[in-house]
Amino acid sequence: MIHLVIEQYCNIKLILAPKIYLTLILLSLFNSYAQQGEYLDLAIQNENELSYASPIEVGLDSVIIYKKVDSIMKNGIENQAFPGAQLLVAKNSKIIFHQAYGYHTYDSIQEVALDDIYDLASVTKITGPLPALMKLYDEGKLDLDAPFSNYWKPWKHKKDKQELTLREILAHQAGLIPYIIFLDDVLKEGKIKKRFIREKPSSKFTNQVYDNLFIKNKFNKKMYREINRSEVSPEKKYRYSGLTFLIFPELISQISGTDYANYLEKNFYDPLGANKTGFLPKTKNFSNKIVPTELDTIFRMDLTKGWVHDENASLLGGISGNAGLFSTANDLAKIMQMYMLYGTYGGKRYFSESTVKEFIKVQFPENENRRGLGFDKPLLNNSELSVSEAYPAPSASSESFGHSGFTGTFIWADPKHELVFIFLSNRVYPTRENRNLYGLNIRTVLHEVFYNSLISTAND
């Protein structure tokens with residue numbers, strides 16, 4: 001068996017770096033042994049549960065993939081798009097690529113590891129509140145086309161909001177303003193107001209914002225009031241807004257009768273085996289390393305690590321719907337695989353197929369709005385665009401969906417091609433002003449590598 005596997009790869013060992021060559025051999029050996037029952041606990045799996053394989057085993061060209069991805073990642077690190085990153089790709093329910101590159105910071109001390117935990121930023125939206133909303137919709141507890149004010153009662157008294165629907169809100173078609181900077185409420189001339197934040201916990205300050213920083217318990221109500229009072233544009237067209245994702249956790253708790261974070265763990269993360277996904281990882285004593293984000297010179301005056309980067313989520317005690325989730329590449333792959341299989345994973349059904357298909361379809365194409373319900377979608381003319389203009393990869397199907405995150409994260413699934421793509425980085429280190437990840441178009445270029453490999457093997 002070992003000789004056969006080595007012979008399979010002998011034609012590429014002179015092209016690829018030794019580390020990559022060894023990885024390919026080990027992946028194939030692992031999969032081959034599992035198939036023969038050497039690792040029965042991993043080999044005996046429910047249908048469509050993720051397992052490991054080499055690109056060759058699903059008909060992809062390993063040489064081209066590793067060579068191109070290595071080159072793109074090296075270029076990103078050299079041009080300081082990020083100090084380090086990792087990429088996981090699954091095809092046909094097989095993880096066929098998972099590699100780490102670079103370091104946590106530019107001091108080159110802590111290497112990126114495959115089980116590192118990342119701050120997901122806005123990827124939280126489709127891995128936190130969205131599955132909860134989908135489940136509640138599936139159970140008939142939410143109506144996409146009824147007024148959202150039926151569920152969020154303060155909007156009953158807001159003329160500009162009382163008729164907005166959850167469908168409009170999730171598709172970013174409601175006319176809500178994009179963002180409110182609540183940090184302005186807790187800072188005055190660069191100093192923290194003790195009215196809202198204290199350095200020690202007390203009965204009125206129990207929610208932790210950062211090491212030795214605690215937010216007033218009722219500050220969330222102040223945030224809700226400002227959101228309730230925010231302006232709504234009468235023009236109904238695509239306008240990205242994260243406001244309602246700040247109130248979704250409270251709404252989900254009210255409707256389900258269960259604490260938001262506990263609801264997600266019980267209904268999704270635990271049964272999926274996504275055990276490193278959750279809020280406030282600094283408090284959970286994980287053995288995994290947590291990748292830092294920004295060197296904050298405005299609020300926390302420290303290298304933000306283990307606490308959410310997004311300030312609004314931070315002021316909610318780190319548990320929010322717009323940001324706040326931390327996860328690993330493997331956990332995210334399971335979540336996206338479940339979505340891609342229309343609500344099922346590992347023999348368990350999480351949503352009805354019809355619910356998933358409703359949420360991942362484009363909702364308002366007539367208004368040039370590409371969005372699904374919570375999910376991002378390809379540009380409406382994406383297949384006609386070049387790699388430099390497209391979002392995501394131009395070869396991604398119109399059925400595909402996902403989301404990106406401000407910290408440098410990106411997850412995408414394509415049911416047509418059975419492809420899951422997970423990219424994790426901390427591009428905001430040392431500052432959010434670093435936009436080289438976008439300028440170099442790294443995520444789109446990486447994404448397209450795997451589609452090109454699919455196309456080239458199909459044409460052979």
Which order, highest average first, do 153-161, 372-380, 403-411, 292-300 follow once you tally other Cβ atoms within 10 Å for each residue and take the mean per peptide? 403-411, 372-380, 292-300, 153-161
Here the net charge surrounding GLU368, from other residues whose Cβ is less than 14 Å away from its Cβ (Lys, Arg +1; Asp, Glu -1), is +4
Tell me, how many Å apart are the Cα centres for the range 76-100 and for the range 49-66? 14 Å
Which one of HIS417, THR304, VAL356 is farthest out on the positive end of the charge dipole of the chain, using unit charges on Cβ (Lys, Arg +1; Asp, Glu -1) and the Cα centre as origin? THR304
Measuring from its Cα centre, the range 119-240 shows a charge dipole (+1 at each Lys and Arg Cβ, -1 at each Asp and Glu Cβ) which, in debye to the nearest 20, is 760 debye
Output the peptides 121-131, 78-88 sorted from most to least packed, where packing is the average of other Cβ atoms within 10 Å over each peptide's residues. 121-131, 78-88
Could you give the length gained on full extension between LYS156 and SER71, defined as 0.36 nm per residue of separation minus the Cα-Cα distance, in nm? 25.1 nm
Alpha-carbon Debye profile of the range 249-400, log10 I(q)/I(0) at 0.10, 0.15, 0.20 Å⁻¹: -0.48, -1.03, -1.30
Scaled to the compact-protein estimate 2.2 N^0.38 Å, what is the alpha-carbon radius of gyration of the chain, rounded to two decimal places? 0.99
11 Å beta-carbon shell around ASN452, net charge (K/R +1, D/E -1): -1
With an 8 Å cut-off on Cα pairs and a minimum separation of 6 or more residues, tell me the relative contact order of the range 68-214 in percent. 9 percent
Count the DSSP beta bridges whose two residues both fall in the chain, then state the antiparallel fraction as a percent rounded to the nearest 5. 95 percent
Give the average over all directions of the projected area of the C-alpha convex hull of the range 127-315, one decimal, in nm². 12.2 nm²
For the range 338-417 and the range 237-269, what is the separation of their C-alpha centers, rounded to whole Å? 20 Å
Dipole in debye (nearest 20) - the chain, about Cα centre, beta carbon charges: Lys, Arg +1; Asp, Glu -1: 1880 debye
Flagged links, alpha-carbon separation over 21 Å, of LYS94/LYS284; LYS135/LYS348; LYS153/LYS222: LYS94/LYS284
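Bear in mind that the values in this text are calculations on the coordinates, not laboratory data. Fair warning: this is a prediction, and the values are worked out from it, not measured in the lab. No Cβ is skipped: glycine too gets one built from the backbone with ideal geometry, and neighbour counts run over all protein chains shown.
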